[in-house]
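The values are calculated or read from the model by the stated rules, or taken from the named source; none is laboratory data. All of these numbers come straight from a predicted model, not from anything done at the bench. In this analysis, Cβ positions are derived from the backbone assuming ideal geometry, glycine residues included, and neighbour counts consider all displayed protein chains.
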Amino acid sequence: MSSKSELKKLSEESLTRQPEEVFDIICKLGEGSYGSVYKALHKESGQVLAIKQVPVDTDLQEIIKEISIMQQCDSPYVVKYYGSYFKGSDLWIVMEYCGGGSVSDIMRLRKKTLSEDEIATILSDTLRGLEYLHQRRKIHRDIKAGNILLNTEGHAKLADFGVAGQLTDTMAKRNTVIGTPFWMAPEVIQEIGYDCVADIWSLGITALEMAEGKPPYGDIHPMRAIFMIPTKPPPSFRDPDHWSPEFIDFVSRCLVKNPEERATASELLQHIFISNAKPVAMLQQMIAEARDIQENEAFRKDHRNSSGESFPDEDEVDAGTMVKLDVDQGTLVPERSNGAPECQSGTAGSDVESNLGTLVINSDGEDDDSTMKSMYLCFTGRLM
């Protein structure tokens, strides 16, 4: 039986078998929305997968929504969902594994930003993923480099649907203020209703993030950024002379404050910056380089740990580190998680740029008290 056929059996197995009978956990990849993500092996097929382990005491409705949206997606540009298992107090969500890791991880490991050609190739697949979602009236609502995963061939896939939304015939726009602060569209923050093009604003911010290493306003407290994004002009490149007119125009088409005038995913796929993108094979060297760096880092860390040396490092906040934001003090507080060893290569949806978390204010269907005091922050999948 083929690996594909074996994987199709996962949903059936989830009704009758314990997950340890089906999978071997290899190592921890990082934190996604609502839970920790692990690299695992499907014993029967030998297929490598990603498993998100979500505590059942987490908001179950949000988890069900994430699974529902993933189940409905069948696109090479969206991370695939294979099945779910209950194990004790956790729900195991089985997903496609992307061995190249997230774009943000690659930038962190290589300690440099991406070239214009690399950005165009990644955005080409990302836009195809967004076009697929938007044609089905689904909004991702958390587009950023940490949620764009690459497989080893170089294909980009959208990941982490923990805050995705669905538009219906009776709901032309959403009102939930949700996303990661620096990437949020002005209309999302202003609670004036928004639709799929909110993702396009986030994509434009992501393009700047890949080009410059951080999103606009990335140096200030995220709460302050929330108040600046709707009131300031659209952000642009710090050094426009370094970039082509085509790239600058592409970003400007994304970062239009009036959502009715903002380009759609389908329109941006026709933009010359995207239509001239190089094949994904050009990303393979970048992915291999990042993987080698991570393997070397892991080797050095293991060596120092075995010799009893401490291992402080500026990259300590990585895919295996959960970071909470102290809102009162405006500081990032690293918290080392326990459990499976961290992987030496490949990540799944962990955000390094981030460690900033996903913001939710006044969810659809909640009481109409939309003041900032009703805000709560969800950092690396954990409610604060």
| Can we say T231 is buried (at least 23 other Cβ atoms within 10 Å of the Cβ) and polar (S, T, N, Q)? | no
Selection from segment 160-202 of residues among the acidic types (D, E) and at pLDDT below 85 yields D160, D169, E191, D195
Log entry, pairs with first residue in segment 143-162 being part of a loop (DSSP other than H, G, I, E, B), second being of a type in the set (F, W, Y) and crowded, with 22+ Cβ neighbours inside 10 Å, beta carbons closer than 6 Å, six or more apart or on different chains, reads K144/W183; G162/Y34
Being in contact (Cβ under 8 Å) with a residue 60 or more places away in the chain and touching a strand residue (DSSP E or B) at 6+ places or on another chain (Cβ under 7 Å) narrows A211, A198 down to just A198
Only unsatisfied item for I25, checking (1) surrounded by fewer than 23 Cβ atoms within 10 Å (Cβ to Cβ); (2) closer than 30 Å to K278 by Cβ; (3) at pLDDT 90 or above, is (2)
G88 passes all but one of the listed conditions (1) in contact with a strand residue (DSSP E or B) (Cβ under 9 Å, 6 or more places away or on another chain); (2) assigned by TED's automatic domain parsing to the domain that holds I67; (3) without any contact (Cβ under 8 Å) to a residue 60 or more places away in the chain; the exception is number (1)
Checked A207, A288 against criteria (modelled with pLDDT of 95 or more, within 28 Å of G99 (Cβ to Cβ) and in the same structural domain as A156 (by TED's automatic domain parsing)); the one match is A207
Being over 29 Å from Q294 (Cα atoms) and either touching an Asp or Glu at 6+ places or on another chain (Cβ under 9 Å) or surrounded by 22 or more Cβ atoms within 10 Å (Cβ to Cβ) (or both) narrows V103, V56, V79 down to just V56
With criteria (1) at pLDDT below 85; (2) within 15 Å of L91 (Cβ to Cβ); (3) assigned to a strand (DSSP E or B), E31 comes up short on (2)
Within segment 237-256, the residues that are in contact with a Ser or Thr (Cβ under 9 Å, 6 or more places away or on another chain) and part of a loop (DSSP other than H, G, I, E, B) are L255
I'd like to check something: does segment 92-111 contain any residue that is free of Cβ contacts under 8 Å to residues at least 12 places away in the same chain and either among the small types (G, A, S) or closer than 28 Å to R136 by Cβ (or both)? no
